[in-house]
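Visitor: Sending over a structure as structure tokens; questions will come in a sec.
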Amino acid sequence: MVRRTLTVRDVLGATSYHGARVLLAAASLGVFEALAGRRATPAAVARRIGADPGAVERLLVALVGMHLLEREGRRVRLAPGARELLTEGGEFSLSDLLRHRAARFKAWAQLEDSVRTGKPVVVAGDGAEDPLALQAARARRDSARRWAPVLANFLDLGSAKSLLLLGDGPAVHAHHFARTHPRLAITVLDTPASVAVGREYLAGKAEAARIRLVPGDPCGTTCRRGGSPRPSSPTRSTPSPWRTRGGSCGGCGGP
């Protein structure tokens, strides 16, 4: 086996967080939504997102440099493809995923303290009304949109009449399995927050009648609604510094 020698580029590349922070800050502040379908000056963007005009202008310059925005004189607009990926209305929108990662960045910033003390950084729970847990579930929904159709068409379920999915609360995979297999009945077990987002996603879809969403803990030993014991998740054997409150990993995962 040929061993690879570590280079300066490897080390510096691993510490490059500037671009990530620019993108995540813009997503959290609503910059891309403010530019959806329009061109605008930095001052106009600042008014729409309620931020300092000078700071917004500097942020927009960075986004132009990253090819996420384009400049037209004093105004800026979304780069080609940005509306589909970076705004809430895009078919393959990553907006909730980006906002979730921005929130998780705060947990990563406490990694040294967590390693020293062995104590978890608790940043969210898993309740159906927990803002970060709901955000995490919507992030999972965003991520699944790209791969669920591929997976549903790739897997051969034969003559199966029912399917149990553990941890697909946003219901994107369940929806595409139901579309691909018209006679399949699907049950999904996931945390309350994920199930709440799944119900939002399935609203108005014909396949929803064959999909049952059950709030519970897919990574725990028992169902929160008193059902039969569930197998323990392998992730439980290794303590995680980013557990959610109550030990559940569904819906929030790691940062």
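Visitor: How large is the charge dipole for the stretch 1-127, taken about the Cα centre, if only the Cβ atoms of Lys, Arg (+1) and Asp, Glu (-1) carry charge, to the nearest 20 debye?
Guide: Dipole of the stretch 1-127, to the nearest 20 debye: 320 debye.
Visitor: Given +1 on the Cβ of Lys and Arg, -1 on the Cβ of Asp and Glu, and no further charges, what dipole in debye does the stretch 63-118 carry about its Cα centre, rounded to the nearest 20?
Guide: Dipole of the stretch 63-118, to the nearest 20 debye: 240 debye.
Visitor: Could you give log10 I(q)/I(0) at q = 0.14, 0.26, 0.27 Å⁻¹ for the stretch 8-93, computed by the Debye formula over C-alpha point scatterers of equal weight, without solvent?
Guide: So the normalised log intensities are -0.47, -1.34, -1.43.
Visitor: Rule-of-thumb check for the stretch 52-146: C-alpha Rg over 2.2 N^0.38 Å?
Guide: Taking N as the residue count of the stretch 52-146, the ratio is 1.37.
Visitor: Which shape class, rounded, prolate or oblate, goes with the stretch 1-159 when its Cα gyration tensor gives a ≥ b ≥ c as root eigenvalues, a/c under 1.5 marks rounded, and past that a/b bigger than b/c marks prolate?
Guide: Since a/c stays below 1.5, the shape of the stretch 1-159 is classed as rounded.
Visitor: Return the lysines within reach of K205: Cα separation strictly under 22 angstrom, same-chain partners fewer than 8 residues apart disregarded; answer none if there are no such residues.
Guide: The qualifying lysines are K161.
Visitor: Then there is this: Note the full-extension length gain between R3 and V150 as 0.36 nm times their separation in residues minus their Cα-Cα distance, in nm to one decimal.
Guide: Here the answer is 49.4 nm.
Visitor: Which order, highest average first, do 57-69, 145-157 follow once you tally other Cβ atoms within 10 Å for each residue and take the mean per peptide?
Guide: 57-69, 145-157
Visitor: In nm, what is the difference between 0.36 nm times the number of residues separating A43 and L111 and their Cα-Cα distance?
Guide: So the extension gain works out to 20.8 nm.
Visitor: How about K119: which lysines have a C-alpha closer than 23 Å to its C-alpha, ignoring those fewer than 8 places off in the same chain?
Guide: Within reach: K106.
Since every read-out is calculated from the coordinates, none of them should be taken as a lab result. For clarity, every value in this text was computed on a predicted model and none was experimentally measured. Glycine also receives a Cβ, built like all others from the backbone with ideal geometry; neighbour counts cover every protein chain displayed.
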